[in-house]
Each structure stands twice: as structure tokens, then as C-alpha cells.
1. So how much slack lies between residue 132 and residue 310, counting 0.36 nm per residue of separation and subtracting their Cα-Cα distance, in nm?
2. Which percent of Cα-Cα pairs in region 336-408 sits in each 10 Å bin, short to long?
3. Suppose the chain between residue 156 and residue 302 were pulled fully straight at 0.36 nm per residue; how much longer would it get relative to their current alpha carbon spacing?
4. Give the cross-link partners of residue 83 among the lysines, using a straight C-alpha distance below 27 Å as the criterion and excluding same-chain residues fewer than 8 apart.
5. Set the bar at 23 Å for Cα to Cα. Now go through 327/400; 327/432; 338/383 and name every pair that lies beyond it.
6. Can you run phi through the Karplus equation (6.51, -1.76, 1.60; θ = phi - 60°) for region 286-292 and list ³J(HN,Hα) in whole Hz, with x for Gly and Pro?
7. Given a Förster radius of 25 Å and the C-beta distance between residue 441 and residue 416 as r, what FRET efficiency does 1/(1 + (r/R0)^6) yield to the nearest 0.05?
8. With a cap of 14 neighbouring Cβ atoms within 10 Å, and only residues DSSP puts in a loop, list the trypsin sites (Lys or Arg not before Pro) found in region 268-363.
Amino acid sequence: MDSLFHNPSSMAKRPCPSQNPRVGNLDQLDHFLESFLSLSDSPPLSIDLSLERLLESVPTDADQTLLIDRAANLGSMLLEASKRSSRKRASNHNSLAWALSPDLTVKVFSMLDTQTLCYAAATCSLFNKCAMDPMCYTNLDLTTLVPKVNNAVVSTMISRAGNALRSLKLGIVPGPTASPGSCQPLVCTIRNPIVDVSNFSWNDKRSRQGKESSILTRYCLSSLGGDGGAPGPLLRRLHLYNIERMDNTSLCSALSACPSLLDLEIVGLHVELRQTLVSVSSNCHLIERLFFESSKTGRDDSLKMPTCIDLVNNCPRLNSLSLRGFKLQDCKIRILIKGFQKLKHVDFSTSYSITGNFLRNLGSSNGAYLLEVLILRDCMHLKEMEVARLLMAILAGDFKNLSYLDISNREGLASEGDWYNRCCNSSRIPIKQVLEERPDIFLLAEYPPEGSFIEIDQMFDAELNSELSLSPQFSSHTSDGSMFLSTSDSSYNSDQGSGNEDGRDASFRNYEESSDEVDFLAL
């Protein structure tokens, strides 16, 4: 992308010599130039001596200076003319040697990734002209491992695409996308340094240290909206990764400009779940896939029941839903899964507060009948009893279309009466039976060996100590003015329950409604 703004076609064209009125007799000039160029075969010393004798024949110092300037200007003009002629000959050669027509070349270029396309455009004028076609920018991928793309680059690329833009990927990605069964975090922050910069060049390292020219701001998507043929209304896919300065207002503004969006993926943005889903529900009624991974695992508990209901009613075409790393209650998850009639893919990995209660009697309902993929990996409050009930329901014939199930947990499952007690008893969970009777299901159930479960208190103490050891500058303000570690966020460690029960020693109950949710349900 270093050659992004290099566009030879945008340079001012020089007038053709045949159209220059200052040129008199072209035949005479051609003859003179031919004689002059023949001097290139002469020894350099003879040319130097000739110039010295010519200077000595001039009487005044001013005339000698003028003569030297004219010689320098003539040499510069000949050098530029020779370069232009060389480029023209190369372009003509490429046009004859390149087997594809311009239309087919544009078709080939449209299959390239964005960075490769920029490299191709910088090779020759023929490729540059073909690479300027809007069809080459239908699917823009501006993701990088380190900050290299700024607002100007995004605006330029969107402008080149125009109304042909259908897909836009933007931000910092830690590496290749993980497999569906993996919970490799896609979030990349100062507290989660996934990228190893040891092999990067000095320029890359310098850009990671805060080089302003390579930082995306909250206005990086402003080119999608606006009056007069903005490309946002025709956009089908929008993927945003780890844009630290993106806030709720700017994201909602971008979504409002994309009413035809089918695929939305948000990773590592400092935005609130509830406000984002409200914006999706209000503006993106055609959406089919929603992937949202929290930048602060387990701390965002903003989702409310009215938001879930509005999302179900306004986005009926949704068939893939992934909400990873949020604090979600079973009652809200059940609304989402039962409400979306076309839902096939569900992923709530690393989410807190989910006990698995929402899975009861779900396999035979209309909402989950088409379910093909269910991922509950590393859900801290997922109960052993609910996992056992899920597998028994599968053995009983429910979830007929299910082909992929991940119920793994690196800390083990929560016990029934006390979620602090981690357990996983193979005699209570019929994993082997499911593998034998439902070979069509790819089942992942990875747990620590029995007897090796760590105490949850120790785990939270370790997390708390790691957060307290962070330097004060890490608690920086986001672009919308909210603290990265706000009061409600930092108090999460003191709220170690799932949100579905009152505390460690309290009696178990399914969930606890907030006051606004109770008022809504009473309507």
C-alpha cells in the first residue's frame, strides 16, 4: 500500500510537440537534434574543451552564466524526454506482450487482495490504468498486522470503489482466523499483545509506538455515508478489528449508512453490546451473520431483554450469531435462539453468566430445529448438569441437524449447587454414548484431568493481581470519553457470580431480572 497514492495518470500531461506554437520548423529541429545526439560518441574531454572555448568567446560574465544555464537546461530536457520515451516504449511493449484484454485484466485484478492490487498498479501504466477500475475494489481488505492504514487511505480506497463496493475489512488482526472450534482471541490490545514484533522492520515497530499518520480514528468510516451516491447503502459485508479509537457514536453512524448489510463482524472495539445491537436492529434488517467479540471479556453486561426482542423482530434473516466474551444471562440467550427461526450457527464462547439453562427443551423447538453449530467453549458458569441434560437430549433425538458441538472448558464445568466447585465427571456426562450413537456430530469436550481443577478463588486472585500490576497509563480514556477500566468494569472481579444466582452460598435459581426487564415483561 506504500504506492497507494502514486497515480501516474493523475500527473499533468505535457503538450505534444506538434501542438506547441513556439516550435517553428520541426524538420530542422529534428535534423539538429540528430546531429547533436551524434556527439554522444565523442570523447567527454573534447566536449568539455568545446564548452570552455565557447565560454571564452563570450565577452561578459553574465553571458557566460546564461550559457551555462542553457546547457544545463538542455541536458535536463533531453534527460526527461528520454525517460518519457522509454516509459512509452515499455508501455507499448507491455500492451503487445500482455495477452489479456483490458476487460479481462480488470477481471483478474478484481480477484486480487487489496495490497497485491496496489503493487500491481505500481508496475506499469497499463496495469495502473486497469487497476483504477472500480470493479477492482469491490472487496476491500485493509487489515494489517501493524498500523499501516490511516483515514486518508480508507477514504481513497472507498472513493475508488464507489458504488461497486460490497465488502470492507478494516483494522488490526492478530493473525489468521481461528478454526470454528478454537477460541483463539481476535482481540489485540495493549494488555493482550498477540503479535510478536521481533521480526518486524524498524518502520513497523515505530508505527506501533503511536505514529499518528498510521492510526485509524473514529471518522475512518465517514466515507460510507453522506449525500450524493455514497457507497454505504450497497455495502454487504463489514468487518472491523481492534480499532481502538472507534466509539459507540461513530460505529452507530456507520451502521446507519449501511442498510443492506448482510455480514457484520466486530472484534476488539470499545463499544457497548446493547447500543450496537440497537443500531443493528434499527438499520440492518437484512443482516444474516453477526459476529461480535468483546474487547473486555466478561465486563459488558449491558444487554437487556427489550433489545433481544427488538433484534429478533427486526432481523428475521439472521442465521449465524456469535457473541463472545460478554456477560449474558440464560433468559436473554433463550429469547435470541428461540426467536430466530433461521438460526444455524451459535457461538457464545468465553461468555460469562451462561449456565446452560437456556438449553432445556430447546432441541425440539422451532427456534433451534435448524441449529447446526453450537459453541459454548470456556463459558465459566456452564454447569455440568446442564451439559449432561444437553447430551441426553441429543441421545433422545433432539437437535437432529446439529453437526458441530463444542462444550470444552479449560477450567472444568461448574457444579450444580456451587459454581466455585469445578468438576467434570465422565460417568454423569454421556460423551462416549453421543459419539457412538450420533457419529454425524463433531463433538469437542476437552476438560482438565480429574483432580487437577484449580480453585476459582485462586484464579480470580491471579486475575486481580495481574490487573493491579498494570501501569496507570493503561487506564486511558477511549474516544467517547469513557474509561477503559471504568468503575463498573473494575468491580467485575468482586462480582464473581454468574448473574443467575445471588452468591456462593445462596440457593440456586435460574436467573435474576433487572427492574427494567421486569417492567418490560409486565407490559
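1. Details: separation 178, 0.36 × 178 = 64.08 nm, distance 4.22 nm.
Value of the extension gain: 59.9 nm.
2. Using 10 Å bins, I get a P(r) of 21, 59, 20 for region 336-408.
3. Numbers: separation 146, 0.36 × 146 = 52.56 nm, distance 3.60 nm.
The span from residue 156 to residue 302 would gain 49.0 nm if fully extended.
4. In chain and number order, the partners are 13, 129.
5. Numbers: 327/400 29 Å; 327/432 31 Å; 338/383 21 Å.
The answer is 327/400; 327/432.
6. Here the 3J(HN,Hα) series is 9, 4, 10, 9, 10, 10, 9 Hz.
7. On the way: r = 25 Å, r/R0 = 1.00.
For residue 441 and residue 416, the calculated efficiency is 0.50.
8. 317, 342, 360
Every read-out reported here was derived from the displayed coordinates using simple, explicitly stated rules and does not represent laboratory data. Because the structure is predicted, anything quoted here is derived from the model rather than measured. In this analysis, Cβ positions are derived from the backbone assuming ideal geometry, glycine residues included, and neighbour counts consider all displayed protein chains.
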